[in-house]
1. Going through the stretch 116-142 one residue at a time, which ones are of a type outside the set (Asp, Glu), over 27 Å from Thr75 (Cα atoms), in contact (Cβ under 8 Å) with a residue 12 or more places away in the chain and in a loop (DSSP other than H, G, I, E, B)?
2. Of the residues in the stretch 96-115, how many are within 26 Å of Tyr32 (Cα to Cα), in a strand (DSSP E or B) and in contact with a helix residue (DSSP H, G or I) (Cβ under 6 Å, 6 or more places away or on another chain)?
3. Yes or no: the stretch 59-68 includes at least one residue that is out of contact with any helix residue (DSSP H, G or I) (no Cβ under 7 Å at 6 or more places or on another chain), assigned to a helix (DSSP H, G or I) and within 14 Å of Thr99 (Cα to Cα).
4. Test Lys38 against the criterion of being without any contact (Cβ under 8 Å) to a residue 60 or more places away in the chain, in a loop (DSSP other than H, G, I, E, B) and among the charged types (D, E, K, R), and give yes or no.
5. I need a count of the residues in the stretch 85-95 that are hydrophobic (A, V, I, L, M, F, W, C) and either under 16 Å from Lys38 (Cα atoms) or surrounded by fewer than 18 Cβ atoms within 10 Å (Cβ to Cβ) (or both).
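Each value in this text was obtained by applying a stated rule to the coordinates, not by laboratory testing. Remember, predicted model here, so these are calculated numbers, not experimental data. Virtual Cβ from ideal backbone geometry, glycine too; neighbours counted across all protein chains shown.
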Amino acid sequence: MQKNRQNGFTLIELMITVAIVGVLAGIAYPSYQDSMTKSRRADAKAALLELSVFMERLYTTTGCYTSGSCATGTTTAPTLPFLVTPKSGKANYDLTVATTPSTFTITATPRSTAPDSVCGALTLNSTGVKTEGGTGTLADCW
């Protein structure tokens, strides 16, 4: 005499598994997004620091932060070596510089495809002052 044996899962077992996976995903996904935002922000900060070194080299060479000769009174911002970060791949931040002959301010603005509502736009100026344009604190963002 053979017993009829069922192989597989019951509907209740399957629903419990789906619920557990849903709870784990609900916890893990926001944490993953936060980590990605922090990673993109770190890349933007590194780019700001790299561009500030570029601007200081320009000042050492020409005596001012603007392009051209300082003697002519040129107030045009120099051409940056790169305008987005990361330098290759999908861009997450746009980089701009505003200059006078004796000061500069470099800004990294997050793109809409990589929003950063906590820190917003990050800036660094010629005196080393760092700012953020979001709801977070300077310590959180820099």
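1. So in the stretch 116-142, the residues of a type outside the set (Asp, Glu) come out as 117-131, 133-139, 141-142.
Next, only the ones that are over 27 Å from Thr75 (Cα atoms) stay: 117-120, 134-139, 141-142.
Retained after the next criterion (residues that are in contact (Cβ under 8 Å) with a residue 12 or more places away in the chain): 117-120, 134-136, 141-142.
Ser117, Val118, Cys119, Gly120, Gly134, Thr135, Gly136, Trp142, listed by residue number.
2. The number of residues fulfilling the criteria is 1.
3. Among the residues of the stretch 59-68, at least one is out of contact with any helix residue (DSSP H, G or I) (no Cβ under 7 Å at 6 or more places or on another chain), assigned to a helix (DSSP H, G or I) and within 14 Å of Thr99 (Cα to Cα), which makes the answer yes.
4. Details: without any contact (Cβ under 8 Å) to a residue 60 or more places away in the chain: yes; in a loop (DSSP other than H, G, I, E, B): no; among the charged types (D, E, K, R): yes.
Judged against the criteria, Lys38 is not a match.
5. Here is the first cut: in the stretch 85-95, the ones hydrophobic (A, V, I, L, M, F, W, C) are 91, 95.
Those left that are additionally either under 16 Å from Lys38 (Cα atoms) or surrounded by fewer than 18 Cβ atoms within 10 Å (Cβ to Cβ) (or both): 91.
Within the stretch 85-95, residues that are hydrophobic (A, V, I, L, M, F, W, C) and either under 16 Å from Lys38 (Cα atoms) or surrounded by fewer than 18 Cβ atoms within 10 Å (Cβ to Cβ) (or both) number 1.
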